[in-house]
Amino acid sequence: MQLSTEFYDKFNSLLMAEKPDVVFCMWPLEFHPDHRATASISFNAWLQCGLKFEYFFCETASGGEMQTQQFVPNRYIDIESVMEVKRGSPEANRFIKKGVPDAELWARFRGMQYGCRFAEAFVQIQTVATMPPENLAPRRWYYGGLRMHADY
């Protein structure tokens, strides 16, 4: 995957057309380069959309090239009622050949943290800043960035 301003613009347009309430994306501190790129693209879209939807990072529950680094969750969801679906979900990914052996272990671990049997963990990105109109898509980002309430 090659990131470019054109690619960012295409993804921003696609996402803005959907008008999402919530977006989940891969955690940016991972070994897998595609997951890092996806995090960058989606985070930029959140900024360019004016921070109008809730934005969450999720972790990849496996080791090796997809292991998340420095992931400290601030949101949890009890997934006990859908654990059978989760167990079968790796089969839907054509790139996963051997399943995700650690997925259940991670679900148990996050469940212990949250106080239930199985859970998934997320980092919700929150800010009190706003995006000024001159930085919203389709315009290009320019010096000035986010504005804090005290800035205006």
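Any residue in the range 97-116 that is in a loop (DSSP other than H, G, I, E, B) sitting within a Cβ distance under 8 Å of a residue that is open to solvent by less than 60 Å² (accessible area, probe 1.4 Å) and modelled with pLDDT under 90? List the pairs, counting only those 6 or more apart or interchain. Going by the 8 Å Cβ cut-off, the qualifying pairs are G99/P90; V100/A61; V100/S62; V100/P90; P101/S62; D102/A61; D102/S62; D102/G63.
For beta carbons closer than 7 Å, sequence separation of 6+ or different chains, a first residue in the range 75-94 that is within 19 Å of G115 (Cα to Cα) and a second that is among the aromatic types (F, W, Y) and surrounded by 14 or more Cβ atoms within 10 Å (Cβ to Cβ), the qualifying pairs are R75/F56; R75/F122; Y76/Y114; D78/Y114; I79/F118; E80/F118; M83/F118. Kindly indicate whether W106 is at pLDDT below 65, under 25 Å from W27 (Cα atoms) and among the aromatic types (F, W, Y). So W106 fails the test. Among the residues of the range 73-92, those identified as open to solvent by less than 70 Å² (accessible area, probe 1.4 Å) and of a type in the set (G, A, S) are G88, S89. Among the residues of the range 12-35, those that are out of contact with any Lys or Arg (no Cβ under 8 Å at 6 or more places or on another chain) and crowded, with 17+ Cβ neighbours inside 10 Å comprise N12, L15, M16, V23, C25, W27, H35.
Of all residues in the range 1-56, those that are in a loop (DSSP other than H, G, I, E, B), under 13 Å from the mean Cα position of the chain (by Cα) and more than 20 Å from E120 (Cα to Cα) total 1. Are any residues in the range 64-81 at pLDDT below 90 and either in contact with a helix residue (DSSP H, G or I) (Cβ under 7 Å, 6 or more places away or on another chain) or not in a loop (DSSP other than H, G, I, E, B) (or both), and if so, which ones? G64, E65, M66, T68, listed by residue number. The single condition among (1) surrounded by 14 or more Cβ atoms within 10 Å (Cβ to Cβ); (2) closer than 26 Å to Y8 by Cα; (3) at pLDDT 70 or above; (4) of a type outside the set (D, E) that Q124 does not satisfy is (1).
The values are calculated or read from the model by the stated rules, or taken from the named source; none is laboratory data. Quick caveat: nothing in here was measured; it's all calculated off a predicted structure. Every residue, glycine among them, receives a Cβ derived from its backbone with ideal geometry; neighbour counts consider all protein chains shown. These accessible areas exclude ligands, DNA and RNA; they are computed on the full protein's heavy atoms, side chains included. Shrake-Rupley method; radii C 1.70, N 1.55, O 1.52, S 1.80 Å.
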